[in-house]
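As structure tokens, the structure follows; a few thoughts come after it.
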Amino acid sequence: MLITTGDHESPAAVRRAQELAQLARVPYIPRSGTSLARLAERHGDSDILVVLEQGARLHRTGRETMTFHPSMAFVRAKRLFKGENDAMLDAAGVVPGDVIIDGTAGLGADAMIFSIAAGADGKVLALEDSLPLWALLYEGLKHYTSGLPAFDEALRRIEPVHTNHLDALRAMPDKSADIVYFDPMFRDPITESSSISPLRAFANPNQLDPEAVKEACRVARKAVVLKEKRGSSEFDRLGFQAINRSHTKIAYGVISLDPKR
């Protein structure tokens, strides 16, 4: 992966691009008016993260460009701020102050909702093992501005970590988080929306490993939660109790670890 800026190389964008390249341990390449296709050819890398003055874009040669955006998470967030419920939060039993591990962060949509619910006293770790996705997530969480201060504050509180979730969970102490959450990429997509379709090119397509669930149950104090298609065989395969909702194609499965729930 390469990191560069847009055609307008403002000092702020250059500084952010250089800092992110250092964190990601990848080259920062000055744009200098060069096309992205030429940069990819010149440096032998088809993945290029472009840091802009107000955002970031992820390019892969021959694929649709992906821009960081909260998408439906922003709609869900506004409902939460109005006092409405969220099915994911209800399934997980989140309360303010919870420590939550999102093991398959992607572009952080669910982590954003968890961060709102956990509040300033809580903590959300967003784990992502795809380096390009992690870089786009990191930049977006740090700099995206929605115009809704409470939502932006929730984004800034999320800690994006570039790691494989199984490796990360194995290194964590027993009962060191309240909730561990998984949203693996669906093998049979429900829709190919503008936000999901380009993400599939970068995301880990593998099924969730039972070993990851075992480690999650060791690390979590309250619950392990899995998001899948309604009727998915993954719930039975991995030992989750499915919570089906008749009005949606999405379901959540829960392994409850708290006898009080």
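Okay, residues lined up against (1) open to solvent by less than 70 Å² (accessible area, probe 1.4 Å); (2) touching an Asp or Glu at 6+ places or on another chain (Cβ under 6 Å); (3) of a type in the set (Val, Ile, Thr):
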site: SER46; (1), (2), (3): yes, no, no
site: PHE74; (1), (2), (3): yes, no, no
site: PHE81; (1), (2), (3): no, no, no
site: ASP86; (1), (2), (3): yes, no, no
site: VAL99; (1), (2), (3): yes, yes, yes
site: MET112; (1), (2), (3): yes, no, no
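Being farther than 30 Å from ARG245 by Cβ and at pLDDT 95 or above: is that true of LEU49 here? It is true that LEU49 is farther than 30 Å from ARG245 by Cβ and at pLDDT 95 or above. When residues in the range 200-255 are screened for being open to solvent by 30 Å² or more (accessible area, probe 1.4 Å), in a loop (DSSP other than H, G, I, E, B) and modelled with pLDDT of 90 or more, 3 of them pass.
Looking only at residues in the range 19-38 that are polar (S, T, N, Q) and farther than 10 Å from THR5 by Cα, the one that is farthest from the chain's Cα centre (by Cα) is THR34.
Please enumerate the residues belonging to the range 32-44 that are open to solvent by less than 40 Å² (accessible area, probe 1.4 Å) and polar (S, T, N, Q). Correct list: THR34 only. Among the residues of the range 53-72, those that are within 20 Å of ALA12 (Cα to Cα), open to solvent by less than 90 Å² (accessible area, probe 1.4 Å) and either in contact with a Ser or Thr (Cβ under 6 Å, 6 or more places away or on another chain) or without any contact (Cβ under 8 Å) to a residue 60 or more places away in the chain (or both) comprise ARG57, THR67.
The values are calculated or read from the model by the stated rules, or taken from the named source; none is laboratory data. This one's a predicted model, so the numbers in the text were calculated from it and none came from an experiment. Note that each Cβ is placed from the backbone with ideal geometry, even for glycine, and that neighbours are counted across all protein chains shown. Side chains are part of the model used for accessible areas, which takes the heavy atoms of the whole protein and leaves out ligands, DNA and RNA. Shrake-Rupley method; radii C 1.70, N 1.55, O 1.52, S 1.80 Å.
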